[in-house]
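*Asks:* This is the structure, below, for whatever I ask next.
The values are calculated or read from the model by the stated rules, or taken from the named source; none is laboratory data. Note that the coordinates shown come from a computational prediction; the quantities given were computed from them, not determined experimentally. When we count neighbours, we look across all protein chains shown, and the Cβ atoms used for this are built from the backbone with ideal geometry, even at glycine. Keep in mind that these areas ignore ligands, DNA and RNA; they rest on the heavy atoms of the full protein, side chains included. Shrake-Rupley method; radii C 1.70, N 1.55, O 1.52, S 1.80 Å.
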Amino acid sequence: MGVITESIIGRAVKKGILDISCVQIREFTADKHRRVDAPPYGGGVGMVMQADPIYKCYQHVCEEFSQKPHTIYMTPKGKTLTQQRCKELSKLDGFFIICGHYEGIDERLIKKIQPEEISIGNYVLTGGELPALVLVDAVGRLCDGVLSSEECYTGESHWNGLLEYPQYTRPEVWEGLRVPEVLLSGHHKNIEQWRKENQLTASSCGLSDPGC
Ligand code: ADE
């Protein structure tokens with residue numbers, strides 16, 4: 001869970017700028033072994049997460065926040081996350097993320113809550129926890145006050161459909177490779193020009209959705 005306790009996001013949590021909490025779905029099952037999954041009706045491999053513990057957990061969160069939070073379900077079937085959607089989510093007061101596991105979630109829960117379904121890419125992970133952390137990191141850093149200045153992200157990859165220019169730091173020569181001369185020149189106009197020329201458009205890199 002380093003994502004929410006360390007570095008930029010961790011500092012924002014400690015300062016009270018972000019409030020991130022995890023809820024254990026097992027707390028909401030009536031099963032004496034705290035099970036929250038069962039075999040799928042109709043047969044097949046794997047287990048399916050039951051609707052009721054997740055729904056009770058959702059109701060608990062609604063009570064805690066005294067309103068229905070925007071709810072997101074992390075699933076490979078969802079719409080692929082973009083920087084644009086991260087910006088929009090960063091403007092909300094908060095949101096509740098459901099992490100799927102096993103072979104998925106009982107479809108009736110999806111019908112009942114109608115969460116926004118988000119995928120972090122066209123591959124399948126064993127559960128929604130890592131995708132949820134990706135979402136929290138990508139959205140959290142865009143929330144007001146988390147980064148020191150807006151500049152920190154307005155120039156960076158994906159903000160305007162452009163990918164960030166290459167960066168270099170000390171030493172000037174590493175393993176025989178020199179930092180481009182222009183960056184050492186102190187000539188701000190030329191540096192700006194060089195950086196512009198070295199920002200690629202997302203589509204030229206084969207990314208169909210530049211995220212903006
Ligand atoms: N759960 C499993 N794989 C996922 C993915 N690619 N995106 C979001 N949630 C997932």
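*Asks:* Any chance the range 43-59 includes a residue that's of a type in the set (S, T, N, Q), without any contact (Cβ under 8 Å) to a residue 24 or more places away in the chain and in the same structural domain as G94 (by TED's automatic domain parsing)?
*Replies:* yes
*Asks:* Something else now. Being surrounded by 13 or more Cβ atoms within 10 Å (Cβ to Cβ) and either outside the structural domain of A132 (by TED's automatic domain parsing) or more than 15 Å from the ligand (Cβ to nearest atom) (or both): is that true of P76 here?
*Replies:* Taking the combined requirement at face value, the residue does not satisfy it.
*Asks:* Okay, moving on. If you scan the range 47-73, which residues turn out to be away from the ligand (no atom under 16 Å from the Cβ) and either touching a His at 6+ places or on another chain (Cβ under 7 Å) or of a type in the set (A, V, I, L, M) (or both)?
*Replies:* Here is the first cut: in the range 47-73, the ones away from the ligand (no atom under 16 Å from the Cβ) are 50-53, 55-70.
Hits for the range 47-73 are A51, V61.
*Asks:* Would you be able to say whether some residue in the range 162-169 is outside the structural domain of Q50 (by TED's automatic domain parsing), modelled with pLDDT under 95, hydroxyl-bearing (S, T, Y) and in a loop (DSSP other than H, G, I, E, B)?
*Replies:* Looking for residues that are outside the structural domain of Q50 (by TED's automatic domain parsing), modelled with pLDDT under 95, hydroxyl-bearing (S, T, Y) and in a loop (DSSP other than H, G, I, E, B), one finds at least one in the range 162-169, hence yes.
*Asks:* With the requirement that a residue be of a type outside the set (A, V, I, L, M, F, W, C) and within 16 Å of the ligand (Cβ to nearest atom), what does the range 108-120 give you?
*Replies:* Across the range 108-120, the qualifying residues are P115, E116, E117, S119.
*Asks:* Further, regarding this structure: Considering only the range 110-145, state which residues are more than 23 Å from I20 (Cβ to Cβ) and buried (at least 19 other Cβ atoms within 10 Å of the Cβ).
*Replies:* Result: I110, single match.
*Asks:* Restricting to the range 17-34, name every residue that is of a type in the set (D, E) and open to solvent by less than 90 Å² (accessible area, probe 1.4 Å).
*Replies:* D31, the sole residue that qualifies.
*Asks:* Ok, one more. So, in the range 88-103, of the ones that are touching a residue at least 40 places away in the same chain (Cβ under 8 Å) and over 17 Å from V13 (Cα atoms), which residue ends up farthest from the ligand (Cβ to nearest atom)?
*Replies:* This residue is L89.
*Asks:* Moving to a separate point now. Among the residues that make up the range 97-104, is at least one of them outside any loop (DSSP other than H, G, I, E, B) and surrounded by fewer than 16 Cβ atoms within 10 Å (Cβ to Cβ)?
*Replies:* no
*Asks:* Only residues in the range 121-132 that are more than 6 Å from the ligand (Cβ to nearest atom) count as the first member; pair them with residues that are open to solvent by 80 Å² or more (accessible area, probe 1.4 Å) and outside any loop (DSSP other than H, G, I, E, B), Cβ under 8 angstrom, at least 6 apart or cross-chain, and list the lot.
*Replies:* So the pair list comes out empty.
*Asks:* Determine, yes or no, whether Y41 is of a type in the set (F, W, Y), more than 16 Å from the ligand (Cβ to nearest atom), within 19 Å of I20 (Cβ to Cβ) and not in a strand (DSSP E or B).
*Replies:* No, not satisfied.
*Asks:* Please state which of the following conditions S148 fails to meet, knowing it meets all the rest: (1) open to solvent by 70 Å² or more (accessible area, probe 1.4 Å); (2) modelled with pLDDT of 95 or more.
*Replies:* All conditions are met except number (2).
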